[in-house]
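Enquirer: Would you mind keeping the following structure in view while I ask a few things?
The values are calculated or read from the model by the stated rules, or taken from the named source; none is laboratory data. Everything numeric in this text was worked out from a predicted model, so none of it was measured. A quick note on method: Cβ atoms are made from the backbone with ideal geometry, for glycine too, and the neighbour counts reach across all protein chains shown.
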Amino acid sequence: MLTKFLDPKNDFAFKRIFGTEKNKDILIHFLNDMLTFKDRALIQDVTFLKTIQDPETASKKTSIVDILCKDENDNRYIVGMQVAKEKGFEKRAQYYASKAYVSQANAGGEYHNLKEVIFLAIAEFVMFPKKKQWKSEHVTLDKNSYEHDLKDFSFTFLELPKFQKSIAELSTISDKWMYFFKNAEKTSDRDLEKLIGNDMIIERAYEELDRFHWNEEEILTYDQAEKYEGAYIASMSQKYDEGLEKGLEKGREEGLEKGREEGREEGKRERGLEMAKSLLLQGVDISIIMTTT
């Protein structure tokens, strides 16, 4: 079924909404809505930077750095959309954050000038099964006093599967963003009227997803990104199945070998008992029987 609104989780659509000069006010709005700023003012402006990618992932859709920007105070923001569940995702998040941090240093080594790196990821899978909330924020705290002395790194993860609210239950702008990411394709014009209220930025985000505002080339690029993402997910699923089958086969082999070993041990024990009985009947001393068997 052809829907009016496209999927914001699509790589091309995501960058169109949040990664262009034309729509950078949408990105600023989104970051201010989702991030917690305790020690400083909200973001007023951003400058887009070249995204971080290493050679290993340059040819694949595995980079989680969809958008890299800095604010008016030079603090760095990494914003990523992660659709496929990937082993070590939280480690790669820290890896890319550290690369963004190190990239600020010049040859003079002016470390006191290094600015904060804020990482924000929207994940279409459960990252932290033990956490009930869909949003988790991670910072470095003193182990004993819980003081926040090391302030240059923070990580915010939004887990879409944990968000279950209907339009009638949306009470905050954060709720509306989560609904947008999870249900944009299924949103009708009537639903949109209820959802928007006075939040014009949310309306702008939906307008960017309106397929009737896209030209033929943009739709083609969107479809290609969709196919590429689907192929990547299918590839990951195939690797998982192959790994599972390999693990089962190894388990079967180990089970058979263990059974054979136990059978050999049981046979030896039974032969020893038979020999002991035979020697007892012949009147052989028990100490000799014990040594023999």
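Enquirer: ASN198 passes all but one of (1) among the polar types (S, T, N, Q); (2) surrounded by 10 or more Cβ atoms within 10 Å (Cβ to Cβ); (3) within 23 Å of HIS29 (Cα to Cα); (4) modelled with pLDDT under 90; which number fails?
Expert: Here ASN198 meets the rest and fails (2).
Enquirer: Please go through the stretch 145-161 and pick out each residue that is among the aromatic types (Phe, Trp, Tyr) and either part of a loop (DSSP other than H, G, I, E, B) or farther than 28 Å from MET178 by Cα (or both).
Expert: Once the filter is applied, which keeps residues that are among the aromatic types (Phe, Trp, Tyr) and either part of a loop (DSSP other than H, G, I, E, B) or farther than 28 Å from MET178 by Cα (or both), the stretch 145-161 yields only TYR146.
Enquirer: If you check TYR222, TYR146, TYR179, which single one turns out to be within 27 Å of the chain's Cα centre (by Cα), surrounded by 12 or more Cβ atoms within 10 Å (Cβ to Cβ), at pLDDT below 95 and hydroxyl-bearing (Ser, Thr, Tyr)?
Expert: Selected residue: TYR222, the only one of TYR222, TYR146, TYR179 that is within 27 Å of the chain's Cα centre (by Cα), surrounded by 12 or more Cβ atoms within 10 Å (Cβ to Cβ), at pLDDT below 95 and hydroxyl-bearing (Ser, Thr, Tyr).
Enquirer: Out of the residues in the stretch 162-197 that are in contact with a helix residue (DSSP H, G or I) (Cβ under 8 Å, 6 or more places away or on another chain) and outside any helix (DSSP H, G or I), state the one that is nearest to GLY80 (Cα to Cα).
Expert: The first filter runs over the stretch 162-197 and keeps only residues in contact with a helix residue (DSSP H, G or I) (Cβ under 8 Å, 6 or more places away or on another chain), leaving 163, 165, 167-170, 173-182, 184, 187, 191-192, 194-196.
Checking the rest, the ones that are also outside any helix (DSSP H, G or I) come to 163, 165, 170, 187.
Working: PHE163: 18, LYS165: 23, LEU170: 24, THR187: 23 Å.
Top of the filtered list is PHE163.
Enquirer: Ok, one more. Filter the stretch 7-33 for residues that are outside any helix (DSSP H, G or I), in contact with an Asp or Glu (Cβ under 7 Å, 6 or more places away or on another chain) and not charged (D, E, K, R) and give the result. Write out each step before concluding.
Expert: Filtering the stretch 7-33 for residues outside any helix (DSSP H, G or I) gives 7-10, 19-20.
Checking which are in contact with an Asp or Glu (Cβ under 7 Å, 6 or more places away or on another chain) leaves us with 7, 9-10, 19.
Correct list: ASN10, GLY19.
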